[in-house]
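Participant: Dropping a structure here in structure tokens format, bear with me for questions.
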Amino acid sequence: MGSRGPIPKRSEERRRTNRPAGLDLVRLPGDAPTDLPDPPDPDPAWHPRATDWYLSLRRSGQAVLYQPSDWAKARYVAELMSRSLAKGMPNALFLSGLLQSMQGLLATEGDRRRAGVELDPPDP
């Protein structure tokens, strides 16, 4: 997964019709399918923002790619996020590590584009 340089454009925005070398695009629906196995529930003791972030992963289209180890990582990241939010402002090194962990879970559109994953817009 490339993590440097500008965020690639969506496939329909690109002028080139040939594929860039080494990047196979994966297109997924924008909403997570309802037939996925249920991931672990959020911890009730978590900060509300950490719970919201964790639940947003469950509703996102990339959830179809998640394995049990990815959900375990997401729970760990949410736990760290909850603890840092409860304490106040985290230091820059901690925040950097937290954001890198979120990047590995393809939590933002830029992370997904760099990994070659595109989510189609959800149906209204």
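The values are calculated or read from the model by the stated rules, or taken from the named source; none is laboratory data. Everything quoted here is computed from the prediction, not taken from an experiment. FYI the Cβ positions are ideal-geometry reconstructions off the backbone, even for glycines, and counts take in every protein chain you see. Please note that ligands, DNA and RNA were not included when accessible areas were found on the heavy atoms of the full protein model with its side chains. Shrake-Rupley method; radii C 1.70, N 1.55, O 1.52, S 1.80 Å.
Participant: Give just the number: which of (1) closer than 17 Å to residue 119 by Cα; (2) open to solvent by 30 Å² or more (accessible area, probe 1.4 Å) does residue 61 not satisfy?
Facilitator: The single condition residue 61 does not satisfy is (2).
Participant: Taking the conditions exactly as written (in contact with a Gly (Cβ under 9 Å, 6 or more places away or on another chain), under 23 Å from residue 28 (Cα atoms) and open to solvent by less than 30 Å² (accessible area, probe 1.4 Å)), does residue 70 satisfy them or not?
Facilitator: Details: in contact with a Gly (Cβ under 9 Å, 6 or more places away or on another chain): yes; under 23 Å from residue 28 (Cα atoms): yes; open to solvent by less than 30 Å² (accessible area, probe 1.4 Å): no.
For residue 70, the condition - in contact with a Gly (Cβ under 9 Å, 6 or more places away or on another chain), under 23 Å from residue 28 (Cα atoms) and open to solvent by less than 30 Å² (accessible area, probe 1.4 Å) - is not met.
Participant: Just to be sure I understand, how many residues within region 81-124 are in contact (Cβ under 8 Å) with a residue 12 or more places away in the chain, under 28 Å from residue 44 (Cβ atoms) and among the aliphatic types (A, V, I, L, M)?
Facilitator: Qualifying residue count for the region: 8.
Participant: Ok, one more. Given the condition of a type outside the set (Phe, Trp, Tyr), closer than 14 Å to residue 50 by Cα and not in a helix (DSSP H, G or I), answer yes or no: does some residue in region 80-88 qualify?
Facilitator: The answer is yes; a qualifying residue exists.
Participant: Could you tell me whether any residue of region 2-12 is at pLDDT below 85 and over 20 Å from residue 108 (Cβ atoms)? Write out each step before concluding.
Facilitator: Here is the first cut: in region 2-12, the ones at pLDDT below 85 are 2-12.
Those left that are additionally over 20 Å from residue 108 (Cβ atoms): none.
No: zero hits.
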